[in-house]
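Report on the structure given below.
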Amino acid sequence: MRAFVVVFLFVGLGMVAAAQDEETKCCCTTRDTSVCLSNVHEKVNAELNAAYQKALNMAERYGSQDVENLKDAEQKWTAYRDAACKAEYGLWGGGSGGPNAQAMCVIRITRQRTNDLNSVYTTENR
């Protein structure tokens, strides 16, 4: 059992690292990086939306209050993400790197939320 957990952990971490490589491959000019990050953002946003729909379907199995709780949590998470990434943007003091730093923040936090939704709501053990 331990060997399985360790292998699963390494495979899972490898998948996260591979996914994060997408934005680290965005380079060169600020504009090129911005376009690349926009493409990565679209991809992770689609993944989040798919995970959210699965979570809603799973919550429906339990009851209407669970669906409402998930919707409320998602609204609050969106507000948190936006505020956190606005704060990271602010660290750039209006410099040209700010928008790309904000985009990387949105990508990072969106991936975290997608992982959370998948691990909590789409587990077959529930």
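The values are calculated or read from the model by the stated rules, or taken from the named source; none is laboratory data. Since we're looking at a predicted model, the values are computed, not measured. Using ideal geometry, Cβ is built from the backbone for each residue, glycine included, and neighbour counts are taken over all protein chains shown. The accessibility values were calculated without ligands, DNA or RNA, using every heavy atom of the protein model including side chains. Shrake-Rupley method; radii C 1.70, N 1.55, O 1.52, S 1.80 Å.
Structure notes:
- Straight Cα distances below 29 angstrom link Lys76 to the lysines Lys43, Lys54, Lys86, with same-chain residues fewer than 8 positions distant left out.
- Each of Lys76 and Glu42 was given a label point 7 Å from its Cα along the Cα-to-Cβ line. The distance between the two points is 3.3 nm.
- Taking all protein chains as shown and a probe of 1.4 angstrom, Ser34 keeps an accessible surface of around 50 Å².
- Counting only the Cα atoms, the range 19-78 fills a convex hull of 77 Å³ per residue.
- Asp72 sits with roughly 60 Å² accessible to a 1.4 Å probe, with DNA, RNA and ligands left out of the calculation.
- Using the Karplus relation 6.51 cos²θ - 1.76 cosθ + 1.60 with θ = phi - 60°, the per-residue 3J(HN,Hα) values for the range 114-119 come to 4, 4, 4, 4, 5, 6 Hz, with x marking Gly and Pro.
- Checking every one of the chymotrypsin sites (Phe, Trp or Tyr not before Pro) in the range 67-112 against DSSP loop status and a limit of 14 other Cβ atoms within 10 Å picks out Trp92.
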